Amino acid sequence: MTDIRESLGKIHLYAGDGKGKTTAAAGLAVRASGNGLKVLFAQFLKSGTSAELKQMEKLGISVISGQPVTKFVFQMNAEEKQESREFFENRLEEVFAEVRADYDLLILDEVLGAISTEMISEERLLELLQSKPGLLEVVITGRDPSAGIIARSDYYTEMKMHKHPYESEGLGARAGIEY
């Protein structure tokens, strides 16, 4: 019987303005874990309070989430932006160092948002992807991927919003559905 790890090493990109990017990444994490793969789910620009994180941890999925400043980047002053930038640059380096040990799947949730808000360098992410272990599967999520990120990805799925109750009804994010 062939070890499923022998076929790993691809890069997945879940992007777009629609709902479902993190949900798809979480689903893949659960699927991989259920097949005996070791998974690290790392979030950027998120508070670490989403309910799916608790469940993933119960399943043995390693989770890294949270941030030092609990504001949107556009609300931060210069000092808070610098603190957050250093924090997320370190997080990116740490997760790639961590997965070199013995992980099979790395999920970089909302890493594209960290790039677009200048919390991390796209060039550095591309370097880390280029030098990743050959059999490490990686998932990237967020909005507005660059041509370079798209080119580096093996899978590219775009989530496109056609209709959302926030737009039509003003319905905000709901526990258990959006977070």
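The values are calculated or read from the model by the stated rules, or taken from the named source; none is laboratory data. Keep in mind that this is a model prediction, so the values were computed, not measured. Cβ coordinates were reconstructed from backbone atoms using ideal geometry, including for glycine residues, and neighbour counts include every protein chain displayed.
Take the residues of region 55-70 that are farther than 18 Å from Lys21 by Cα and out of contact with any Ser or Thr (no Cβ under 9 Å at 6 or more places or on another chain): which is surrounded by the most Cβ atoms within 10 Å (Cβ to Cβ)?
Ser62
Among the residues of region 40-67, how many are in a helix (DSSP H, G or I) and either of a type in the set (A, V, I, L, M) or touching a Cys at 6+ places or on another chain (Cβ under 9 Å) (or both)?
Looking only at that region, the number is 3.
Residue check: is Glu52 of a type in the set (D, E, K, R), closer than 20 Å to Met159 by Cβ and either at pLDDT below 95 or loosely packed, with under 13 Cβ neighbours inside 10 Å (or both)?
Against the criterion (of a type in the set (D, E, K, R), closer than 20 Å to Met159 by Cβ and either at pLDDT below 95 or loosely packed, with under 13 Cβ neighbours inside 10 Å (or both)), Glu52 qualifies.
What is the number of the single condition among (1) part of a helix (DSSP H, G or I); (2) in contact (Cβ under 8 Å) with a residue 12 or more places away in the chain; (3) over 18 Å from Leu128 (Cβ atoms); (4) touching a strand residue (DSSP E or B) at 6+ places or on another chain (Cβ under 8 Å) that Leu37 does not meet?
(1) is the only condition that Leu37 fails.
Only residues that are over 17 Å from the mean Cα position of the chain (by Cα) and acidic (Asp, Glu): list them for region 69-93, please.
Answer for region 69-93, where residues must be over 17 Å from the mean Cα position of the chain (by Cα) and acidic (Asp, Glu): Glu79, Glu80, Glu83, Glu86.
Hey, any hits in region 37-54 for a residue that's acidic (Asp, Glu) and over 23 Å from Leu92 (Cβ atoms)?
No: zero hits.
What's the number of the only condition in (1) of a type in the set (Ser, Thr, Tyr); (2) surrounded by 13 or more Cβ atoms within 10 Å (Cβ to Cβ); (3) touching a residue at least 60 places away in the same chain (Cβ under 8 Å) that Tyr155 fails to meet?
(2)
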